[in-house]
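These notes are about the structure you will find just below.
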Amino acid sequence: MIIVSIIGPTMNDALGQMKASRRYADMLELRLDMIADPNISTLLSSAKMPCIATCRPEWEGGSFKGSEAQRIEILEAASLIGVEYVDIELNAGDVVQEFVRRRKETRVIVSLHVIEGALFSIDKAYKALTSVGADVVKLAYEAEDAGENILAFEFLEKAKQQRLKAVAIAMGEAGEASRLLYKKFGGWATYAAAETGSIAALGQISGSVLKKLYRADSLKPQTRVFGVIGNPLKQSKGTHLHNPLFQKAKMDAVYCKFPVADLDAFMNGVGTRLDGFSVTIPHKQNIMKYLDEIDPVAKTIGAVNTVVRRKNKLYGTNTDAPGALDAIEAVQPVKGKRVLVVGAGGAARAIAYEAKQRGAHVLIVNRTDKKAQVLAKEFGLEYVSLKQLERTEIDIIANATSVGMVPDVNESPLPKALLKGKVVFDAVYNPPLTKLLQDAKSVGAKTISGTEMYLNQAAMQSVLYTGKKADKKFMKRILMAV
Ligand code: NAP
């Protein structure tokens, strides 16, 4: 069930939000603390679906500034008018028991909002919330890291075992998975933002995105869970690609974002529940110690960007390397060519290794010379310094540094004069047309965008996740639209 929060701030805004959100909501939460002078009768008669009356006090993270007596009066009025649910805070005192004892048509949600940074125990929170005898228990807490979603999952699993209706939400961007996966873990409902206006709680997603992109209300306990782990993930487009690909492959699976700082905590908790995941900066190297098996090429490159669970064992591979070279070779085969790889990080290792495997003579240059020298020695490549570049014969240039990536879109790793007559590939895909590629085009060089590499590596990931061929045209259309 998707509950859309109606937050005003005016009655007109609230009525507009109800209208715009109706298609995506199974129930509405009327945030009577956020709507100025709320007319409860008008709101209830306009809702045309069951409603929850919530009047969150400031001491529990809400906006209600009046006295406790006034607050309770508002909730009682809503109950008298016939609202289906009232939400009352566990910490509101004896009045909670009063609501539970006197409930007739209106059912009671008892809620606990753990404020930022406060330590709490799931067992204690669960025990306290379930001791009241409410119809639904609701826990919300702020998550700083995606690993903390495990608390919500465990809370829901406990409630499911006891056949209790429960909601558990990890607030904030890191807690997004708890909002999407509630049904997988037996939750009663999730809360969503209205289609218009702002959000009621950090990390809230709109009902339309929950329903259309993530199919959140159709997930089942057996739905397979995939995602991307990295930090930061704001720019990540993986959810937009892999969720539609699952739907196209008729696979009961969902793909979420997991912004992870503490990899160890994540892999020991949420990671154990995943069927597969993409790995991005900064975890491509560190993830390797959590895997049961690693593809020999990924091992040599020293980076894994894709993990799948097979027979409960985690298997890691690297789709960046073939992804980049397939993109380059769609324009210019590399066999016998002199390929300059710029950079000495993870992407550079992948591109240099694969280019050499495909018969190129690979040269390596990097801002920090020492790293380029070490990599050249390790893979048997030719090291060049930045100063030597002008006098070096090069056919293909592959930028594998992050130079030119948003927000530094006016930067390029190489001078324009060096690009003439070359084929120029940029691993950076945000923006799709980097300064390096613009310069290359302006001197008549052939160019290849990082979006081609991104598409190739994502298509290979999709094959590993779904077992079916990925439709690259379909993927490209999506990528162009997001
Ligand atoms: P990484 O391991 O952190 O390596 C970063 C590289 O960039 C290093 O060689 C670093 O040089 C160099 N660098 C950073 N800032 C620089 C600057 N201001 N001037 C000169 N060099 C600089 O990162 P990575 O994982 O290899 O990723 C590199 C880029 O590839 C990123 O933009 C990433 O988004 C992109 N990428 C794209 C795809 C795709 O599908 N298109 C896939 C993977 C990666 P030092 O050694 O001197 O620090």
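Cβ-Cβ contacts under 6 Å between residues 6 or more apart (or on different chains), taken from a first residue in the stretch 99-118 that is closer than 15 Å to G82 by Cβ to a second residue that is among the acidic types (D, E), are listed as R107/D135; V108/D135.
You will find that of A298, A303, the residue that is touching a Ser or Thr at 6+ places or on another chain (Cβ under 7 Å) and over 22 Å from L436 (Cβ atoms) is A298 and no other. Being within 26 Å of A348 (Cβ to Cβ) and modelled with pLDDT under 95 is a property that I287 lacks. The numbered conditions (1) of a type in the set (K, R); (2) within 15 Å of the ligand (Cβ to nearest atom); (3) farther than 30 Å from K387 by Cβ are all true for R349 except (3). May I ask you to list the residues in the stretch 374-432 that are of a type in the set (A, V, I, L, M), in a loop (DSSP other than H, G, I, E, B) and within 13 Å of the ligand (Cβ to nearest atom)? Those that are of a type in the set (A, V, I, L, M), in a loop (DSSP other than H, G, I, E, B) and within 13 Å of the ligand (Cβ to nearest atom): L386, A400, V403, M405, V406, V409, L414, A427, V428. Out of curiosity, is K476 surrounded by fewer than 21 Cβ atoms within 10 Å (Cβ to Cβ), free of Cβ contacts under 8 Å to residues at least 60 places away in the same chain, charged (D, E, K, R) and not in a loop (DSSP other than H, G, I, E, B)? So K476 fits the description; yes.
Here N149 meets each of (1) in contact with a helix residue (DSSP H, G or I) (Cβ under 7 Å, 6 or more places away or on another chain); (2) crowded, with 17+ Cβ neighbours inside 10 Å; (3) more than 22 Å from F258 (Cβ to Cβ) with one exception, condition (3). Restricted to the stretch 310-368, the set of strands (runs of 3 or more DSSP E) holding at least 2 residues that are more than 16 Å from K284 (Cα to Cα) and in contact (Cβ under 8 Å) with a residue 12 or more places away in the chain comprises 338-342, 361-365. Regarding S442, is this residue surrounded by 14 or more Cβ atoms within 10 Å (Cβ to Cβ), touching a helix residue (DSSP H, G or I) at 6+ places or on another chain (Cβ under 9 Å) and on the phi < 0 side of the Ramachandran plot? Against the criterion (surrounded by 14 or more Cβ atoms within 10 Å (Cβ to Cβ), touching a helix residue (DSSP H, G or I) at 6+ places or on another chain (Cβ under 9 Å) and on the phi < 0 side of the Ramachandran plot), S442 does not qualify. Looking only at residues in the stretch 293-316 that are of a type in the set (S, T, N, Q) and within 14 Å of the ligand (Cβ to nearest atom), the one that is surrounded by the fewest Cβ atoms within 10 Å (Cβ to Cβ) is T306.
For the stretch 267-292, the set of residues classified as part of a loop (DSSP other than H, G, I, E, B) and within 16 Å of the ligand (Cβ to nearest atom) consists of T280, I281, P282, H283, K284, Q285, listed by residue number. Are any of the residues in the stretch 251-259 within 22 Å of L181 (Cα to Cα), modelled with pLDDT of 95 or more and outside any strand (DSSP E or B)? Yes, the stretch 251-259 has at least one match.
The values are calculated or read from the model by the stated rules, or taken from the named source; none is laboratory data. Just so it is clear, the structure is predicted and the values come from calculations on it, not from any experiment. Heads up, the Cβs are rebuilt from the backbone with ideal geometry, glycines too, and the neighbour counts pull from every protein chain shown.
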